[in-house]
Every structure is written in structure tokens, then in C-alpha cells.
Amino acid sequence: DAICNFVICNDSSLRSQPIIFNPDFFVEKLRHEKPEVFMELVVSNITRLIDLPGAELAQLMGEEDPKLPGANSTASGFFRSLMSLKRKEKGVVFGSPLTEEGIAQVSQLIEYLHKNLRAEGLFRVPGNSIRQQILKDALNSGTDIDLDSGEFHSNDVATLLKMFLGELPEPLLTHKHFHAHLKIADLTLFDEKGNKTSTPDKERQIEALQLLFLILPAPNRSLLKLLLDLLYQTAKKQDKNKMSAHNLALMFAPHILWPRNVTANDLQENITKLNNGVTFMIKHSQKLFKAPAYIRECARLHYLGSRAHTSKDDLDLLTSPGSKDLQPLKSQKRSRLDACHQEETQQRTEEALKELFRHVQNMPDSAKKKKLIRQFNKHPTALTPGSDVPTSPAPQRTRSRSFSGLIKRKVLGTPVILERKNRDATPEPERVSKENVHLLQKCGSPAHMSQAKLKSLEGRKEESCRRMRGRLLSKDSSSL
């Protein structure tokens, strides 16, 4: 559950062994290095799943003292004072706040019980009080205990484990989480019309528990995992020990989830929810201590800042001998992909320019159309019109100043600017007639025209100019 420790081994015989990768590595790293960021990330997702009013959310965040049931009740005052007297004498382990040292001592009990799960009525049948006191004193003094010597019975150890949990200053799931666990029991499925049903939504309940367990104190989370693993294995052998998950929940709910110094009467409205909640934890304990996938991804992105990395390559701890040989292959493959991408992009650009040229040809005759055609003629390498370009004059259409301007700005903006700069160096013809455009389409670009064709083109141009002058003179004479 803690951050993984990686050791580089120099033994060549062990290098081929698979590397153990902790998928929650960055989650644990974020929890230890930036607890405030981690808390905000987890709590924001908890509130997405369950409805926590302002006061209950503040209690979960530790900003307010938790308001627990039965806190103002006078009927249970006698029982609370009696329980406080029992905890008056605190030892090193029992009755003290939970620490890693205390967990190390109690883990001896859990390890022993894993070997003796077949005892009938385990955790329900009480053990011998004298042997329990001897064992308790040994744990408080920090001495090593040989539980396999046969001096103690499994019922003695099981009862002592419950006693240790019951004497903690607060339950294992803490007082701050009490109201959140009550809300988890209300997560149910919705029908087709969007109405809530009575069927529990197990996936959302598991996700909410995973998030709540992430923000538990580290000692509480460690001991909770050990305990739920033990109860899960105990329930799997219920055919021998007669202890189902629900029976075990009845035994441990007061120590895991119930607030301290309260009685069953204080929890009579919620006691069923609490017991069922612990039953659910026991049955699904193998899934509850894994961070949700989106939390792992957010923690990874917090440190790497890119989605291009894969989880197994994030750490770059070890470099295999063949990894260097793969680099040239990867670079060659990447260069091929880039070349293919450039070729495909160029092909699409040429097709788009051809389509644009066809559209310009279909425009009604105007000065702007002729200007656009001149721009195409100035850059023959940028476009090679195909044979499917229509050569017949297009029908008259309504002029669209905005569309032609858009073509000039968006598509031909850069060539137009360049040509304006080079206008003095490269003189352009005054006007290109419609016949000249057809000749250009048939003959190709001016760079590939023969000298004879160029002369023919100039001759036709002069002829068209003479005709135009003649028409103008006839108009002038008629007006006179």
C-alpha cells in the first residue's frame, strides 16, 4: 500500500524477470508530496457520487468537528461514562491512538488467525479471559509472542483483536467519514424513466468506498486492509466456521464504523445501513483498495503532463538491452509515417486547388475573375488543371463579391502579396481574354509553351485589341 521501492539488480540471471509495477505509484506519490492537491482531487469526485451538504462536507474535509448521533442524548450518558472508565488506563497498544508500531504488534494476531479460520464460531465465541489478559500485557510491553506454541486458542486471539479495535479512540473508519458512509448505502440504480429503485448500485458504491479509503489516515488504511482481508477469508470458509459475511459484520460494525460512546438506541434509524455497509465491505474487500482509473490518470498527468506516455514507461527505471536496438527502427518507422502524411497532405491540397480553379472558370465574366485567372497563370507549378476542367463558357450567374474576395484572401492571399512585391521585376500582361484562357488550358503552363505558340498567342491578343478599338470608334462615330 505504500510507495514501491525499486532496486536495480546487477545479477544477469534475474534481469529477465518481470518488473513489478505499482499502478497506484503516482497516486501514492501525490498523496505524500502534495496532500492538499490530493485531497481536493478525491473529495471533488466523492461529492460527484454522493450528496454531502455543506456541514457534512466540512466534516469530511476536517474543517469542522463531526456531529454524531447521540451526542446530546442524556439517556446513554451512563453507558458512555462506563465505557470511558474502561479506557482510563491506556497501554502502549491498547487504548492508544493508532500507530504503525501498534499495527505491527496487532498484525501478529491477524497472521495467526489466517492459519486458524476453521474454528467454529470464530469472533463470536469468547475466549478465556485469563489467557487474553496475558496476551494483552505481552502486546502492550512489546515482547515477541509465540502464538503457535499452543498456549493460546484461536478464540482468545479473535476476541483480543476485537478488544483492540473497540478500545481505539475513534472507529477505524474515523468519525469524519461517518455521514459519507451513510450516504453510500442510499446509492441505488435508476429505472428507464429516471426514477430511483431499491436495487443497490454496486459499481457506484465500490467507487465511493475506493475514494473514501484513499483519504483515510495511513495507519487506519493499512489496518483496515489487513482486517478486511482476514474477514473476507473467514467468510469464504463459512461452511466450517459458520461465520458468514453478515455475521462478521454484526461483530465488527461497532468497532469499524459506529461512532464512539454511542449505543444501539442512538443508531436505531441507521443501524441496518451500517451493518449492511460493513457486509458489503467484506464481500468486495479485494476491490476497495485500488484507486479508480481516473484518479490514477490524474495523478500521472500531474507529474508527467502529457497523455502520450504509457503507464508502464512512465518511470523509465530500467532499460532493457534490446531497447537501444529498437530506437533506429522506431525512427525509421516515424520517418515513413511523416513522408506518407506529407504526400497525402500535398495530394489533398492539389485536389482542392483544382476544384477551386474549376469554380473560378464557372464564375461569370468579370474583372475579378480575370484577375484570379492571372494569379493561377503566374503560378503554374501550384496547379495543373486536369482535362476534366470545363472549357465551355458558363451560364451567367449573379455576381458574388464576397465569395471571390474570400477566395482571394483565404486561398490566394500569400501569392497575391508576393506578386504585388515582384510586380516591377516581372511585368504582367494588361488583360487576358477568354480565348487566351482556353489556349492556356489546352497548351498547359506558359513555361512549357513553344516559341511558335507564344507568337500565335500574341497575334491573337493584338487582333482582339484591334477589334476592341474598332468597336469603340464605331460607337463614338454613331454618338456623334
List LYS196, LYS273, ordered by accessible area with a 1.4 Å probe, largest first: LYS196, LYS273
field: Heavy atoms of GLU462: accessible area, 1.4 Å probe, square angstrom to 10
entry: 100
- request: Quantify, in whole percent, the carbon and sulfur part of the accessible surface of segment 151-281 (1.4 Å probe; protein heavy atoms only).
  value: 50
Cross-link table LYS67/LYS176; LYS67/LYS290; LYS176/LYS287; LYS225/LYS287, entries beyond 20 Å C-alpha to C-alpha: LYS67/LYS290; LYS176/LYS287
- prompt: Which value in nm describes the separation of the simple spin-label points at GLU463 and LYS67, placed 7 Å from the Cα toward the beta carbon?
  reply: 10.2
task: Would you mind checking the radius of gyration and Dmax of segment 156-218 based on alpha-carbon positions, in Å?
output: 16.2, 54
message: Could you tell me the calculated FRET efficiency between ASN195 and LYS115, based on Cβ-Cβ distance and R0 = 45 angstrom, to the nearest 0.05?
response: 0.35
task: Whenever you get a sec, line up MET363, MET243, MET251 from highest to lowest accessible area (probe 1.4 Å, protein heavy atoms).
output: MET251, MET363, MET243
message: So for segment 223-297, considering every pair of alpha-carbon atoms, how many percent are separated by more than 17 Å?
response: 50
- prompt: At what distance in nm do the modelled label points of LYS287 and ALA352 sit from each other, each positioned 7 Å from its Cα along Cα→Cβ?
  reply: 4.9
task: Calculate, for segment 179-237, the solvent-accessible area per residue in square angstrom, rolling a 1.4 angstrom probe over the heavy atoms of the protein chains.
output: 44
field: Paramagnetic reach from VAL125 (point 7 Å along Cα→Cβ, amide N under 14 Å) across segment 148-162
entry: 153-159
message: Using a 1.4 Å probe on the protein heavy atoms only, what accessible surface does SER222 show? Give it in Å² to the nearest 10.
response: 30
Estimated FRET transfer efficiency (GLU33, GLU101; beta-carbon r; R0 25 Å; 0.05): 0.55
Stokes-Einstein diffusion coefficient of segment 126-272, Kirkwood radius over Cα pairs, 25 °C, 0.890 mPa s, in µm²/s: 139
task: Specify the inter-centroid distance of segment 130-195 and segment 272-289, based on alpha-carbon positions, in whole Å.
output: 13
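The values are calculated or read from the model by the stated rules, or taken from the named source; none is laboratory data. Bear in mind the structure is a predicted one, so any value in this text is a computation, not a measurement. No Cβ is skipped: glycine too gets one built from the backbone with ideal geometry, and neighbour counts run over all protein chains shown. For accessibility, only protein heavy atoms count, side chains too; no ligands or nucleic acids. Shrake-Rupley method; radii C 1.70, N 1.55, O 1.52, S 1.80 Å.
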